[in-house]
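Visitor: Mind having a look at this structure? Questions to follow.
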Amino acid sequence: MASTIPDPQPGTGTARETPHPQPPSGRAGRVEAHGIDHIPDHERHGRPRQLFSVWAAANVNYLSLVTGGALILMGLTLWQALAVIVTGNLFWLLTGLLSISGPAAGAPSEVITRAMYGVRGNRVNNAVVGWLISVCYFALNLAAAATAAFALVEMAGITANTGVKVAVVMVVAALTLAIGVYGHAMIMKLYLPITLALTAAFAVVAVGVFRHTDFSYVPAEPLTGTDLWAVLAAGVTLIASAPLSYTTSADFSRYLPRTAPARSVVGWTFLGGFLPGAAVCSLGALAATVVDMTDPQAGLRQLLPDWFGPLLLLALVLGTIAINALTAYSAGLALQAVGIRIRRSLSVLADGTAAVALTLYGLLASDFLDTVSNVLQLTVVLLGPALAVYATDIVLRRNRYDGPALMDETPGGPFWYTAGVNPAGALALAGGVTVSALCVNTLYTGPIARALGGVDLALPAGLVTAALLYTLLTRGKLRAPTA
């Protein structure tokens with residue numbers, strides 16, 4: 001039984017009728033009918049290059065400025081920070097690799113991972129790695145957008161008291177969720193103009209930042225030895241947390257024809273994430289050499305013309321809405337994949353409600369910058385191993401996924417495995433998370449990190465462990481289509 005209820009379309013009794021020349025799922029003005037169900041071939045459309053704007057719009061955002069500036073605040077020199085930014089953003093290659101499973105299966109990541117964990121095991125995976133972490137990222141990004149919006153409200157002469165802040169959060173969340181509710185076609189339609197608008201805005205930011213940057217910046221007390229390696233490792237983890245958070249990249253490629261070249265899907269996804277991610281993070285680091293980036297929006301306004309201040313804040317809000325709409329969309333699919341029979345549009349709204357509650361807590365009761373840094377580094381303990389298992393399955397299975405077979409949730413189905421759980425995937429994920437947790441140094445220090453003087457190797461250790469375990473446990477046992 002599929003864990004999804006189609007959204008009704010105007011003028012139809014259900015979402016699934018006979019094929020149309022332009023299917024409802026391809027129309028931006030209609031709520032997307034599909035949830036986690038299989039996308040039939042006649043509804044596949046588009047080209048891989050469209051993925052560039054989807055990921056580019058999502059990566060020109062406030063949180064990238066925050067993390068880029070945080071590297072300088074952590075004690076790195078400018079050139080060390082830039083090297084960390086490039087290294088961390090190279091993980092977009094893995095995001096691109098995961099995205100090729102979408103056209104192959106015609107299904108979202110939340111369903112494709114049944115091949116790794118089994119039908120029941122995947123429900124647990126989606127509840128934690130899919131839904132819970134997505135809601136946390138939604139809340140972090142919403143808090144970032146709201147912080148910029150608060151400043152915009154103050155510029156308009158309105159005091160940003162608690163009531164105003166709550167109202168601003170609700171408005172930003174409503175705009176974000178509207179895109180997520182309308183779904184895939186709306187995202188594809190809106191994100192190219194959003195990318196162009198954000199690129200223009202951040203080009204102005206780049207000019208202002210470059211004019212003032214101290215390219216020879218070195219902190220008063222440069223880091224050396226173990227302390228330097230600890231910060232470098234933490235920095236890479238911080239930057240890599242963005243691409244690692246998109247273990248759901250097939251959600252946005254699944255409407256592409258199954259004949260879409262895998263190399264193009266990987267390439268356009270990588271470029272869409274890497275180029276703006278590296279550029280915006282770098283702007284944050286460059287700006288931090290001359291202004292205090294503990295408050296990025298205030299710091300940047302010191303480097304920019306007065307007239308551009310409101311436009312900068314609008315761009316920060318718009319960029320964060322773009323990234324959060326993707327997060328909300330995937331979180332809605334994850335909620336369906338947990339086994340809850342709910343329309344995709346309603347599941348997106350449910351996710352938004354939870355994220356708004358977390359956001360209000362984060363803004364009104366905790367330190368935003370510390371929260372961002374700690375949460376992003378800690379989520380890698382889960383996301384790194386989960387991504388490794390997924391990527392390894394794609395490689396070992398040669399990206400051969402049977403979409404209709406993945407829809408079969410019945411006992412005895414091709415992906416039921418043992419009592420609904422694939423022991424190989426479950427053990428590989430558990431092993432990777434365990435090793436990663438032993439190596440982490442953020443909210444707590446694991447024993448391995450402590451023995452290494454605080455160097456956090458959670459990311460590489462979790463990735464390698466999960467990939468090796470999955471390879472060993474699945475050798476000769478992977479189930480692939482016979483034709």
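Residues checked against (1) in contact with a strand residue (DSSP E or B) (Cβ under 6 Å, 6 or more places away or on another chain); (2) within 14 Å of residue 246 (Cα to Cα); (3) assigned to a helix (DSSP H, G or I):
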position: 131; (1), (2), (3): no, yes, yes
position: 136; (1), (2), (3): no, yes, yes
position: 142; (1), (2), (3): no, no, yes
position: 146; (1), (2), (3): no, no, yes
position: 149; (1), (2), (3): no, no, yes
position: 152; (1), (2), (3): no, no, yes
position: 157; (1), (2), (3): no, no, no
position: 167; (1), (2), (3): no, no, yes
position: 172; (1), (2), (3): no, no, yes
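Visitor: Looking only at the range 36-56, count how many residues are among the aromatic types (Phe, Trp, Tyr) and open to solvent by less than 20 Å² (accessible area, probe 1.4 Å).
Guide: Residues meeting the conditions: 1.
Visitor: If you take the residues of the range 440-459 that are in a helix (DSSP H, G or I) and in contact (Cβ under 8 Å) with a residue 12 or more places away in the chain, which of them is nearest to residue 396 (Cα to Cα)?
Guide: Once the filter is applied, the top-ranked residue is 459.
Visitor: Would you mind stating whether residue 472 is free of Cβ contacts under 8 Å to residues at least 40 places away in the same chain, open to solvent by 50 Å² or more (accessible area, probe 1.4 Å) and not in a loop (DSSP other than H, G, I, E, B)?
Guide: yes
Visitor: Those residues that are under 26 Å from the mean Cα position of the chain (by Cα) and of a type in the set (Ser, Thr, Tyr), I need them from the range 397-452; list them, please.
Guide: Once the filter is applied, which keeps residues that are under 26 Å from the mean Cα position of the chain (by Cα) and of a type in the set (Ser, Thr, Tyr), the range 397-452 yields 401, 434, 436, 442, 444, 445.
Visitor: Then there's this: Of all the residues that make up the range 189-202, how many are out of contact with any Pro (no Cβ under 9 Å at 6 or more places or on another chain) and either open to solvent by 50 Å² or more (accessible area, probe 1.4 Å) or at pLDDT below 90 (or both)?
Guide: 7
Visitor: Still on this structure, please answer the following. Can you tell me which condition residue 124 does not meet? The list is (1) open to solvent by 20 Å² or more (accessible area, probe 1.4 Å); (2) modelled with pLDDT under 90; (3) under 23 Å from residue 423 (Cα atoms); (4) of a type outside the set (Lys, Arg), and all the others hold.
Guide: Result: residue 124 fails condition (2) only.
Visitor: Moving on to the next point. Would you confirm whether any residue within the range 426-444 is open to solvent by 20 Å² or more (accessible area, probe 1.4 Å), at pLDDT below 95 and at positive phi?
Guide: no
Visitor: Hey, any hits in the range 399-410 for a residue that's over 19 Å from residue 234 (Cβ atoms), touching a Leu at 6+ places or on another chain (Cβ under 6 Å) and basic (Lys, Arg)?
Guide: Checking the range 399-410: not a single residue is over 19 Å from residue 234 (Cβ atoms), touching a Leu at 6+ places or on another chain (Cβ under 6 Å) and basic (Lys, Arg).
Visitor: If I filter the range 109-128 down to residues being assigned to a helix (DSSP H, G or I) and hydroxyl-bearing (Ser, Thr, Tyr), which single residue comes out as farthest from the chain's Cα centre (by Cα)?
Guide: 117
Visitor: Just to be sure I understand the filter: pairs with C-beta atoms under 6 Å, separated by 6 or more residues or on different chains, first member in the range 35-47 and closer than 16 Å to residue 99 by Cβ, second member modelled with pLDDT of 90 or more and open to solvent by 20 Å² or more (accessible area, probe 1.4 Å). Which pairs pass?
Guide: That search, which allows pairs on different chains as well, returns 44/257.
Visitor: List the pairs whose first member sits in the range 423-439 and is within 16 Å of residue 130 (Cα to Cα), whose second member is of a type in the set (Phe, Trp, Tyr), and whose Cβ atoms are under 7 Å apart, counting only residues at least 6 apart or on separate chains?
Guide: Close Cβ pairs (under 7 Å, with a partner that is of a type in the set (Phe, Trp, Tyr)) amount to 425/117; 425/470; 426/117.
Visitor: If you don't mind, there's one more thing I want to ask. Within 26 Å of residue 135 (Cβ to Cβ) and surrounded by 24 or more Cβ atoms within 10 Å (Cβ to Cβ): which single residue out of 316, 300 fits that description?
Guide: After ruling out the rest, the residue left standing is 316.
Visitor: Would you check which residues across the range 198-231 are polar (S, T, N, Q) and closer than 16 Å to residue 315 by Cα and list them?
Guide: The answer is 199, and nothing else.
Visitor: Check the range 236-245 and report whether any residue there is outside any helix (DSSP H, G or I) and either crowded, with 17+ Cβ neighbours inside 10 Å or at pLDDT below 95 (or both).
Guide: Within the range 236-245, one or more residues are outside any helix (DSSP H, G or I) and either crowded, with 17+ Cβ neighbours inside 10 Å or at pLDDT below 95 (or both).
Visitor: Going by the conditions given, is residue 162 touching a Gly at 6+ places or on another chain (Cβ under 8 Å) and open to solvent by 10 Å² or more (accessible area, probe 1.4 Å)?
Guide: In short, no.
Visitor: Still on this structure: So how many residues does the range 269-282 have that are surrounded by fewer than 24 Cβ atoms within 10 Å (Cβ to Cβ) and touching a Gly at 6+ places or on another chain (Cβ under 8 Å)?
Guide: Residues meeting the conditions: 1.
Visitor: Give just the number: which of (1) of a type outside the set (A, V, I, L, M, F, W, C); (2) free of Cβ contacts under 8 Å to residues at least 60 places away in the same chain; (3) assigned to a loop (DSSP other than H, G, I, E, B); (4) surrounded by 23 or more Cβ atoms within 10 Å (Cβ to Cβ) does residue 411 not satisfy?
Guide: So the condition that residue 411 fails would be (4).
Visitor: Right, next: Hand me the list of helices (runs of 4 or more DSSP H) wholly inside the range 57-108 holding 3 or more residues that are touching a residue at least 12 places away in the same chain (Cβ under 8 Å) and open to solvent by 10 Å² or more (accessible area, probe 1.4 Å).
Guide: Once the helices (runs of 4 or more DSSP H) in the range 57-108 are filtered for at least 3 residues that are touching a residue at least 12 places away in the same chain (Cβ under 8 Å) and open to solvent by 10 Å² or more (accessible area, probe 1.4 Å), what remains is 62-73, 78-89, 92-99.
Visitor: Under the condition of being surrounded by fewer than 17 Cβ atoms within 10 Å (Cβ to Cβ) and not hydrophobic (A, V, I, L, M, F, W, C), which residue from the range 340-370 is modelled with the highest pLDDT?
Guide: 353
The values are calculated or read from the model by the stated rules, or taken from the named source; none is laboratory data. In this text, all values refer to a predicted model and were calculated from it rather than measured experimentally. Using ideal geometry, Cβ is built from the backbone for each residue, glycine included, and neighbour counts are taken over all protein chains shown. Just the protein is used for accessible areas: all its heavy atoms, side chains included, with ligands, DNA and RNA removed. Shrake-Rupley method; radii C 1.70, N 1.55, O 1.52, S 1.80 Å.
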